[in-house]
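Everything below concerns the one structure shown next.
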Amino acid sequence: MGWQCMIEGYELENVRMDRKKVTNIEKYGISEQAIYFDGKYLPVSVIRNVVVKPSFYFPNHCCGKGIPVFKLGIDYGGEKPVVLMMENEKNVEKVLYMLSESGGQVT
């Protein structure tokens, strides 16, 4: 699978080697250099801020009971922040820890 960088000019030199170091957390891959999701990756070096907000997910856009989730809003300087949705609070804490250890700005 060819991974595409979200920001032109910040491509990783060797994505294949970095992918071997990924920790899979829910449906996202996190390494020291990037966050991988949906065939794209966001280099950790461009992350300006990460904000966590509790929210609800409504499958099939139904009006019934929603599933409690956490949304991680990742500001990287683009038009819209990247939003990662996670169900488990411990996984959110793990992602925040990994990003802070890699030099990302976390609030």
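Key figures
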{"read-out": "Pairwise FRET efficiency - Glu32 versus Glu93, Cβ, R0 = 22 Å, nearest 0.05", "value": "0.80"}
{"read-out": "Carbon/sulfur fraction of accessible area - segment 1-51, other protein chains in place, 1.4 Å, %", "value": "41 percent"}
{"read-out": "Violating pairs (Cα-Cα greater than 19 angstrom) within the set Lys27/Lys71; Lys20/Lys53; Lys21/Lys53; Lys21/Lys94; Lys53/Lys94; Lys53/Lys90", "value": "Lys20/Lys53; Lys21/Lys53"}
{"read-out": "GNM result for the chain, Cα springs below 10 Å: residue of Lys94, Lys65, Lys40 fluctuating most strongly", "value": "Lys65"}
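The values are calculated or read from the model by the stated rules, or taken from the named source; none is laboratory data. Fair warning: this is a prediction, and the values are worked out from it, not measured in the lab. Reconstructed Cβ throughout: ideal geometry from the backbone, glycine too, with neighbour counts over all protein chains shown. SASA here: full protein model, heavy atoms, side chains in, ligands and nucleic acids out. Shrake-Rupley method; radii C 1.70, N 1.55, O 1.52, S 1.80 Å.
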